[in-house]
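A short write-up of the structure that comes next.
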Amino acid sequence: MTPFKLTEELLIQITELIDAQSEHALIDLMKEVHFADVAEIANELSEEQATYLIKLLDSDKTSDVLTELDEDVREAILNNLSSKEIAEELEELDTDDAADIVGELPKEIIQEVISEIEDKEHARNIVDLLRYDENSAGGLMAKELVKVNENWTVLRCVKEMRAQAENVTRVHSIYVVDDEEKLKGRLSLKDLLTTSTTNPIKNVYIPKVDSVNVNEKPEEVAKIMSKYDLEAIPVVDEIGRLVGRITIDDIVDVIREEAEKDYQLAAGISQDVEADDSIWILTRARLPWLFLGLLGGLGAAAIMGGFEEMISKHAILFFFTPLIAAMAGNVGVQSSAIIVQGLANDDLKGSIGNRLVKEMLLALL
């Protein structure tokens, strides 16, 4: 498969088709384009053009496009869609993605959009997810999963799985629960296929299964899934009931966001910012560390002032000042990178004081 590349010629062709409202030609052109690539195209269009494109294409594609758009572009498009049109897009999405989009809508239209969703169970699941903090496993999870009761026979289990799988985009695991919906374990597909159809699931399932609480931080979920190489992990509430699952694609987003934050922190930026943020926001994010750098510079100048007489007698020493400053800056960048990496990986050992002393000794060397 050849990687998609948005060329200037293609973008011009698409904008011309949109401006001419050549629906059939535009549909044919976009038919084989992946939804992530459609989102890339929409990000480069004007608000009116992007909205026209979203309204023109089928919801089964544009719903995924909405999840890939830049936040400001998605917000602009949603503002141009009716509540019914938004609801149609949400019905094509998994509950976690749908809840993310609903959470971005103005509060005054959320109820109206939810009421327009024809699949009432899907609507209830979206509303349920909105209760959780977005910075938690509950805010990250999806409600779609395949679960079976430990008291079912293998035959009934297979029938129930077929019915449930229709609403699940990808089946990563089969979870086993008791009559109170508490997570008991997971079911191996191999064991399911090789055991008698009359055998109860309680005699077949694997009782050991990794899970996370709904209030767990996404960063901790990412560490668990990375450590145990999991494609999906079940989410349980405070009393152990199975309430959802988190898949690897959601965790990839978390890892990317954390990497961006760590990179910005290592560069001396105190909050998460984007290149297109306002000058005030960018300045506010950079100013604290720049101010500390200014204090450090003033301190260095004061120290050098103590050697003014020596420098005046041996002027050649002055030419080494840029070298010393550059070396100090490089050491600082290296130290901050190591510290930030350690914080991100949670592998810093010992106290912060000991770590600072160690880095100072390294700087002196």
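Taken together, the values in this text are just the output of simple stated rules run on the coordinates, not laboratory data. As the structure is a prediction and not an experimental result, all values here were calculated from the model. Don't worry about glycine lacking a Cβ; one is built from the backbone with ideal geometry, like all the others, and counts go over all protein chains shown.
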In the range 237-256, which residue that is assigned to a strand (DSSP E or B) and within 17 Å of residue 172 (Cα to Cα) is farthest from the chain's Cα centre (by Cα)? 242
Going through the range 206-226 one residue at a time, which ones are among the small types (Gly, Ala, Ser) and out of contact with any strand residue (DSSP E or B) (no Cβ under 8 Å at 6 or more places or on another chain)? 222, 226
When you scan the range 61-82, do you find a residue that is in contact (Cβ under 8 Å) with a residue 12 or more places away in the chain and more than 26 Å from residue 114 (Cα to Cα), even just one? no
Sort out which residues of the range 1-11 are among the hydrophobic types (A, V, I, L, M, F, W, C) and assigned to a helix (DSSP H, G or I), and write them in order of number. 10, 11
Being more than 30 Å from residue 28 (Cβ to Cβ) and surrounded by fewer than 20 Cβ atoms within 10 Å (Cβ to Cβ) narrows it down to one of 134, 88, so name that one. 134
